[in-house]
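Engineer: Sharing a structure below in structure tokens format, with a few things to ask.
The values are calculated or read from the model by the stated rules, or taken from the named source; none is laboratory data. Computed from a predicted structure; not experimentally measured. Note: ideal-geometry Cβ built from the backbone for every residue, glycine included; neighbour counts use all protein chains shown.
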Amino acid sequence: MLTATPHSGISPRPDRAGAASGTTSGTARDWWRDAVIYQVYVRSFLDSTGDGIGDLAGVRAGLPYLKKLGVDGIWLSPFYPSPQHDHGYDVADYCGVDPTYGDLEEFDRLVAAAHRLGLKVVIDIVPNHCSSEHPWFRAALAEGPGGEHRARFHFADGRGPNGELPPNNWRAMFGGPAWSRVTEPGGPAGAPEPGQWYLHLFTPEQPDLNWRNPAVAEYFDRVLRFWLDRGVDGFRVDVAAGLFKHPDLPDSPDPEADERTRDSVNPLAWNQPEVHEVWRRWRALCDEYADRDGQDRLLVGEVSVPTAREHAKYVRPDELHQAFFFHLLSAPWDVDAFRKVIDEALTDIAGTGSTVTWVLNNHDQVRTVTRYAGEGCASGVSGTEPWNVDLGAARARAAALLMLALPGAAYVYQGEELGLPEVVDLPDEVLTDPIFRRTGSRRRIRDGCRVPLPWSGHASPFGFTSGAEEARPWLPQPDWFAEHATDRALADTRSFWHLYRDGLQLRRGLPQLGEGTLRWLDAPPEVLAFERGDGLICAVNFGTAPAPAPVPGTPLLSSGECPDGVLPGSTAAWWVTDTAPHPH
């Protein structure tokens with residue numbers, strides 16, 4: 001007999017329109033609380049011009065596909081004018097569209113088309129750093145030390161007799177020192193000479209902005225209003241735990257900082273207390289717009305902090321609405337690890353009044369099919385590790401059903417619904433990730449999850465672009481992408497796509513899912529089982545051997561073949577008990 005352990009999840013909100021009726025969320029002000037958002041990496045989604053690079057018109061053409069899948073909205077990766085040193089995360093103009101992706105008129109058409117289909121539009125905002133080609137930084141280089149524009153960045157004199165050493169020992173996330181030295185403009189009679197250093201926690205082409213300067217905050221107020229006035233429904237905030245650095249810029253106390261590629265635990269450069277004032281300011285600005293029409297303008301943060309308790313500080317009622325909870329993404333395929341992560345999230349994050357924002361994939365991480373394919377595949381980048389793709393696919397399918405059954409919101413990365421594995425054998429000469437350019441190492445490179453999507457056919461470009469031979473996809477697609485093409489996925493009812501579509505439909509049709517309570521159930525050692533609301537049971541077998549099903553009868557939905565009374569290994573399933581409300 002099943003016994004339940006109650007969890008202190010959030011009770012269903014009485015104003016959550018749509019959750020019980022089976023309609024798309026968005027009719028209530030807090031539409032985001034249980035929304036499922038599809039992440040569009042614009043460059044790799046769909047190319048409308050034949051140049052081999054995805055664009056906004058391609059996204060607009062793909063909206064009916066996303067509506068059919070059943071998501072509530074889209075999040076667009078940066079499409080702003082940029083020299084593309086980090087594919088748009090080096091922004092040269094925050095209020096425009098790079099010609100590679102279209103123009104403002106095309107952006108407006110995309111927003112209007114999405115809204116006609118009932119889809120929300122969330123865009124990426126990059127406040128920690130800009131491009132070295134941003135007008136502010138160009139002015140800073142031209143004016144010399146002590147100028148107004150230099151105060152908008154982190155310029156400092158170097159150490160050593162002639163200032164030849166960086167101001168401190170900080171390392172960049174993408175490899176190498178976090179400082180670069182500039183050449184100062186020469187005077188009337190002098191030649192240019194080496195001068196100050198500037199801080200860049202990612203690449204030299206991405207100078208960090210100085211948020212202690214009021215001009216920076218005022219500038220981003222204007223940027224947010226520009227896009228809100230064009231109808232966007234929210235912002236995904238890049239590097240939301242960054243922005244502020246210790247005012248004295250001292251050496252990092254981390255003794256391993258010089259040996260790591262990513263100095264992401266430097267407490268002097270991340271998670272400073274002043275950053276919360278920025279999110280209060282942005283929340284108040286977004287609430288102005290929400291008060292006009294009753295629709296929240298979402299702020300969802302990329303918050304990389306060590307614990308769920310620290311994460312919770314970013315989603316207090318007057319700060320970000322949500323923040324991606326990456327601990328599920330980084331958890332090993334292990335029943336105890338998953339339960340611990342879920343417990344911590346529901347205790348610490350949901351306790352703030354927000355909802356947990358679950359994620360299994362994104363544009364920076366190895367795809368789940370490869371990540372779950374065996375020991376040693378977490379990096380998934382060298383192409384030499386032995387792995388079992390079928391096992392990885394089964395686990396990825398099970399993880400998807402688990403995520404969609406958890407209380408809160410979820411984000412799905414493009415291609416996740418196709419079961420795409422990581423492309424691990426891209427030749428060095430085609431790699432574009434600045435991590436590779438700065439370190440020469442393939443470890444942690446991100447190109448493998450960014451290869452353009454396969455839409456149709458049996459050979460590259462798989463319907464991604466209709467351009468001539470010389471305009472091939474910006475990253476090469478492997479031949480085996482044919483197995484995952486969208487046309488094939490839609491035709492095969494056993495595909496990843498149908499699993500996601502069915503899960504999303506049930507999520508909207510079952511009153512037990514979305515927000516609400518979660519109660520852990522007793523289960524065999526390798527099985528994670530819980531009840532949502534009144535009578536919706538989800539169970540995942542993390543082992544490889546079959547286990548007894550938690551309830552008798554045929555599952556409502558399962559990630560693989562699931563005979564009555566049995567939960568096979570690497571499989572997840574949902575059941576609705578006889579006394580529970582059934583889907584509409």
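Engineer: Please pick out the residue among Ala151, Ala113, Ala140 that is touching a helix residue (DSSP H, G or I) at 6+ places or on another chain (Cβ under 7 Å), part of a helix (DSSP H, G or I) and more than 25 Å from Gln414 (Cβ to Cβ). Working first, answer last.
Structural biologist: Details: Ala151 fails: touching a helix residue (DSSP H, G or I) at 6+ places or on another chain (Cβ under 7 Å); Ala113 fails: more than 25 Å from Gln414 (Cβ to Cβ).
Answer to the check: Ala140.
Engineer: On the basis of being over 30 Å from Pro64 (Cβ atoms) and among the hydrophobic types (A, V, I, L, M, F, W, C), does Ala113 make the cut?
Structural biologist: Numbers: over 30 Å from Pro64 (Cβ atoms): no; among the hydrophobic types (A, V, I, L, M, F, W, C): yes.
Criteria not met by Ala113.
Engineer: Search the range 222-256 for residues being assigned to a helix (DSSP H, G or I) and among the basic types (Lys, Arg), and hand back the single one that is nearest to the chain's Cα centre (by Cα). Write out each step before concluding.
Structural biologist: Of all residues in the range 222-256, those assigned to a helix (DSSP H, G or I) come to 222-228.
Remaining after also requiring among the basic types (Lys, Arg): 222, 225.
Values: Arg222: 24, Arg225: 23 Å.
Within the range 222-256, the match that is nearest to the chain's Cα centre (by Cα) is Arg225.
Engineer: Need pairs with beta-carbon distance below 6 Å; first residue at negative phi and within the range 292-307, second surrounded by 18 or more Cβ atoms within 10 Å (Cβ to Cβ) and charged (D, E, K, R); sequence gap 6+ or separate chains.
Structural biologist: Taking only residues 6 or more apart or on different chains, the pairs are Asp296/Asp30; Val300/Arg236; Glu302/Asp238.
Engineer: For the range 319-359, enumerate the residues that are closer than 21 Å to Phe496 by Cβ and in contact with a strand residue (DSSP E or B) (Cβ under 8 Å, 6 or more places away or on another chain). Explain how you work it out, then say what you get.
Structural biologist: Of all residues in the range 319-359, those closer than 21 Å to Phe496 by Cβ come to 328-329, 331, 333, 338, 358-359.
Scanning the range 319-359 gives Leu328, Leu329, Phe338, Trp358, Val359.
Here's the yes/no breakdown for (1) over 23 Å from the mean Cα position of the chain (by Cα); (2) at pLDDT 95 or above; (3) crowded, with 18+ Cβ neighbours inside 10 Å:
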site: Asp428; (1), (2), (3): yes, no, no
site: Pro452; (1), (2), (3): no, yes, yes
site: Ala471; (1), (2), (3): yes, no, no
site: Ala491; (1), (2), (3): yes, yes, no
site: Gly503; (1), (2), (3): no, yes, yes
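Engineer: Can you tell which of Glu515, Glu483, Glu526, Glu561 is over 29 Å from Cys449 (Cβ atoms) and among the charged types (D, E, K, R)? Reasoning before the result, please.
Structural biologist: Values: Glu483 fails: over 29 Å from Cys449 (Cβ atoms); Glu526 fails: over 29 Å from Cys449 (Cβ atoms); Glu561 fails: over 29 Å from Cys449 (Cβ atoms).
Being over 29 Å from Cys449 (Cβ atoms) and among the charged types (D, E, K, R) holds for just one of Glu515, Glu483, Glu526, Glu561, which is Glu515.
Engineer: If you don't mind, another one. Between a residue in the range 60-79 that is touching a residue at least 24 places away in the same chain (Cβ under 8 Å) and any residue that is part of a helix (DSSP H, G or I) and of a type in the set (Gly, Ala, Ser), which pairs come within a Cβ distance under 7 Å, given they are 6 or more apart or on different chains?
Structural biologist: Matching pairs, first to second residue: Arg60/Ala113; Leu63/Ala113; Leu63/Ala114; Ile74/Ala114.
Engineer: Looking at (1) modelled with pLDDT of 95 or more; (2) surrounded by 22 or more Cβ atoms within 10 Å (Cβ to Cβ); (3) not in a strand (DSSP E or B), which is the only condition Ala410 fails?
Structural biologist: Unmet condition: (3).
Engineer: Would you check which residues across the range 51-73 are of a type in the set (Lys, Arg) and surrounded by 19 or more Cβ atoms within 10 Å (Cβ to Cβ) and list them? Give the steps one after another, and end with the answer.
Structural biologist: Kept after step one, since they are of a type in the set (Lys, Arg), are these residues of the range 51-73: 60, 67-68.
Answer for the range 51-73, where residues must be of a type in the set (Lys, Arg) and surrounded by 19 or more Cβ atoms within 10 Å (Cβ to Cβ): just Arg60.
Engineer: Here is a further query. Which of the residues that make up the range 176-221 are surrounded by 18 or more Cβ atoms within 10 Å (Cβ to Cβ), among the aliphatic types (A, V, I, L, M) and either free of Cβ contacts under 8 Å to residues at least 40 places away in the same chain or outside any strand (DSSP E or B) (or both)?
Structural biologist: Ala178, Leu201, Val216
Engineer: Which one of these does Tyr372 not meet: (1) surrounded by fewer than 24 Cβ atoms within 10 Å (Cβ to Cβ); (2) modelled with pLDDT of 95 or more?
Structural biologist: Only one criterion is unmet by Tyr372, namely (1).
Engineer: If you go through the range 125-155 one residue at a time, how many are under 29 Å from Val237 (Cβ atoms), surrounded by fewer than 18 Cβ atoms within 10 Å (Cβ to Cβ) and of a type in the set (A, V, I, L, M)?
Structural biologist: Selection size over the range 125-155: 2.
Engineer: Another question about this same structure. Tell me, which residue of the range 113-124 that is farther than 16 Å from Gln295 by Cα and over 20 Å from the mean Cα position of the chain (by Cα) is surrounded by the fewest Cβ atoms within 10 Å (Cβ to Cβ)?
Structural biologist: Applying the filter and picking the extreme gives Leu117.
Engineer: Restricting to the range 318-341, what's the tally of residues that are in contact with a helix residue (DSSP H, G or I) (Cβ under 7 Å, 6 or more places away or on another chain) and not in a helix (DSSP H, G or I)?
Structural biologist: 9
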